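Bear in mind that the values in this text are calculations on the coordinates, not laboratory data. Note that this is a predicted model, so its numbers are computed, not measured. Methodologically, a virtual Cβ is constructed for each residue, glycine included, from the backbone with ideal geometry; neighbour enumeration extends over all protein chains shown.
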Amino acid sequence: MNRWEKTRECVQEISRFVIAALDWFVKVAERLMVLGIMYVVFYFGYLFYRGSLSKGQKSAIEFAAQNWKIVFILLIPLFYLTVRTFLEEVQVAAGMTRAKKALEPSPSSALPPPNLPNPVPDSLPVEE
């Protein structure tokens, strides 16, 4: 193994570590954002129930009520991965997962290749 191969392997190890660390960070950040938004929603609901909303909080709720489509568009990507992961875990826990089918070759791949003309003639002139 020469020096360049060792260097390439080292760079690959570092890149795998960085990608794994960034993936972990994104997962943690997504979950913290979801928890934070849920906290704000339940806190505003609690304050609304008690009737102790401030003027700024009322205007924020009115803005969200008037522009509900924007809020909806922003929440879909935020909650997508969390909800999908949760549903996959529920399926595994409930035993609802199916065994993956083995890929069978298609009938067209079992056929021999078509007879095409040979682009190279059988007898080439030989130079001696």
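Brief remarks on what is shown
- In this Cβ point-charge picture (+1 for Lys and Arg, -1 for Asp and Glu), the stretch 3-95 has a dipole of about 300 debye about its Cα centre.
- Between Val28 and Thr82, full extension at 0.36 nm per residue minus the direct alpha carbon distance yields a gain of 18.4 nm.
- Applying the criteria of a DSSP loop state and at most 12 other Cβ atoms within 10 Å to the GluC sites (Glu not before Pro) of the stretch 41-94 yields no site.
- Rg over Rh for the stretch 3-95 works out to 1.23, using Cα positions for both radii and the Kirkwood form for Rh.
- Counting every other Cβ atom within 10 Å of each residue's Cβ, Thr85, Thr97 order from fewest to most as Thr97, Thr85.
- At an R0 of 25 angstrom, the distance between the Cβ atoms of Val40 and Ile19 translates into a FRET efficiency of 0.20.
- If R0 is 30 Å, the Cβ-Cβ spacing of Glu9 and Leu74 corresponds to a FRET efficiency of close to 0.10.
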